[in-house]
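Below is one structure, written out as structure tokens, with a few remarks after it.
The values are calculated or read from the model by the stated rules, or taken from the named source; none is laboratory data. The structure presented is a predicted model; accordingly, all values stated were derived computationally and were not measured. As a convention, Cβ positions derive from the backbone with ideal geometry for all residues, glycine included, and neighbour counts pool all protein chains shown. Calculation scope for accessible area: heavy atoms of the full protein, side chains included, ligands and nucleic acids excluded. Shrake-Rupley method; radii C 1.70, N 1.55, O 1.52, S 1.80 Å.
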Amino acid sequence: MDTRFFTTWMEEATAAVRAGRDHLTRLDAAIGDADHGTNLDRGFTAVAEALAARPPVTPGGVLVLAGSTLIRKVGGASGPLYGIAFREMGKSLGEATEVSAAELAAALEAGLAGIRRLGGAEEGDKTMVDALAPAVRALALAVQEGGTPEDALEAAAAAAEEGAKATIPLQARKGRASYLGPRSIGHEDPGAASTALLLAALRTAASR
Amino acid sequence: MVGIVLISHSDGLASEAAELARGICGVDVPVAAAGGTDDGGIGTSVDKVAAAIEKVDQGDGVLLIPDLGSSVLTARLLESPGSVVIADVPFVEGAVSAAVAAGCGAPLDGVLAAAEEARTIRKM
């Protein structure tokens with residue numbers, strides 16, 4: 001997977017967030033402040049512009065630029081969280097121009113660690129961690145079993161989607177939804193839903 | 001003197017809380033507001049917070065007081081042990097308490113401790 005692949009991932013993510021914007025905002029309206037879709041759309045639109053204006057020459061460069069842009073442009077809690085995740089992923093890939101599935105799996109794990117360190121969320125708190133952590137595990141397992149990168153990213157995307165849906169019965173323990181207490185039960189977490197979209201975009205990039 | 005940055009989702013809330021803190025402590029304590037997004041909406045701007053830190057930094061350290069949510073996460077991105085530290089305190093009471101301590105010439109850990117006392121001091 002080369003720089004082009006990671007740029008395509010960010011382009012697919014921008015398109016997926018644009019298409020899912022209203023859905024994400026509706027999820028956020030139920031248990032948050034109804035801005036998740038709008039915020040992420042603004043952030044990824046800025047990512048696409050930044051990548052076009054100053055095309056990075058390494059996969060790590062793509063992800064670091066995406067992360068720094070999200071931190072500056074999103075305006076909500078998902079900005080620092082996704083921003084740190086992409087920056088940690090980028091740092092994990094270093095200066096390499098070609099990335100193996102195993103290296104991508106390690107990078108995604110570094111991104112998850114960054115989110116957990118910054119936000120302090122554990123699995124089961126009804127956050128993006130509930131989608132990302134199973135995706136990281138599924139990707140690592142698929143790579144270990146020696147599947148193709150396409151199969152591995154398919155497994156990661158499916159695990160993220162399943163993890164996001166599994167937030168519905170949970171009571172939020174982090175973020176604004178936690179102020180709702182038991183009333184947060186019965187709604188899908190918007191951060192977990194957007195994480196599933198980003199993992200789906202990664203799978204799409206692999207099929208290109 | 002220790003600098004103080006008040007980080008809120010709201011530009012107005014941050015600005016007025018900074019004004020209040022400066023007004024109550026009566027000396028020229030460097031208190032800066034970093035509220036709202038770059039385009040003036042509700043949210044947090046890392047660029048505004050970074051600029052505010054630079055503005056109040058006199059070399060004695062800077063205390064960040066965020067309101068909640070993304071303000072806290074943005075503050076955490078910019079913290080630097082020993083020089084830029086975060087106070088997990090009530091926004092208004094913490095700001096006033098920190099400004100009074102900074103105005104008395106307290107060092108960074110003293111200003112942080114004063115802000116944290118605001119959590120337990122009862123009003124009545």
*Just need a number here: residues in segment B:43-71 that are facing chain A (nearest Cβ under 9 Å), of a type in the set (A, V, I, L, M) and either touching an Asp or Glu at 6+ places or on another chain (Cβ under 8 Å) or assigned to a loop (DSSP other than H, G, I, E, B) (or both).*
1
*Residues in segment B:20-42 that are outside any strand (DSSP E or B), at negative phi and crowded, with 19+ Cβ neighbours inside 10 Å: how many?*
6
*For segment A:105-118, state whether one or more residues are within 14 Å of chain B (Cβ to nearest Cβ) and in a loop (DSSP other than H, G, I, E, B).*
no
*Can you name every residue in segment A:14-37 that is over 15 Å from A:A177 (Cβ atoms) and either open to solvent by 40 Å² or more (accessible area, probe 1.4 Å) or among the charged types (D, E, K, R) (or both)?*
A:A15, A:R18, A:A19, A:R21, A:D22, A:H23
_Test: residue in segment A:46-60 that is within 14 Å of chain B (Cβ to nearest Cβ), open to solvent by less than 10 Å² (accessible area, probe 1.4 Å) and either in contact with a Phe, Trp or Tyr (Cβ under 6 Å, 6 or more places away or on another chain) or closer than 21 Å to B:I7 by Cα (or both)_ = no
_Out of B:G82, B:G94, sole residue that is without any contact (Cβ under 8 Å) to a residue 40 or more places away in the chain and within 15 Å of B:A32 (Cα to Cα)_ = B:G94
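Every residue, every condition in (1) open to solvent by less than 40 Å² (accessible area, probe 1.4 Å); (2) out of contact with any Gly (no Cβ under 7 Å at 6 or more places or on another chain); (3) among the hydrophobic types (A, V, I, L, M, F, W, C); (4) under 30 Å from A:L40 (Cβ atoms), yes or no:
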{"position": "B:V49", "(1), (2), (3), (4)": "yes, yes, yes, yes"}
{"position": "B:I53", "(1), (2), (3), (4)": "yes, yes, yes, yes"}
{"position": "B:V56", "(1), (2), (3), (4)": "yes, no, yes, no"}
{"position": "B:P66", "(1), (2), (3), (4)": "yes, yes, no, yes"}
{"position": "B:V72", "(1), (2), (3), (4)": "no, yes, yes, yes"}
{"position": "B:A75", "(1), (2), (3), (4)": "yes, yes, yes, yes"}
{"position": "B:S80", "(1), (2), (3), (4)": "no, yes, no, yes"}
{"position": "B:S83", "(1), (2), (3), (4)": "no, no, no, no"}
{"position": "B:D88", "(1), (2), (3), (4)": "no, yes, no, yes"}
*For segment A:156-163, state whether one or more residues are surrounded by 15 or more Cβ atoms within 10 Å (Cβ to Cβ) and either within 14 Å of another protein chain (Cβ to nearest Cβ) or more than 19 Å from the chain's Cα centre (by Cα) (or both).*
no
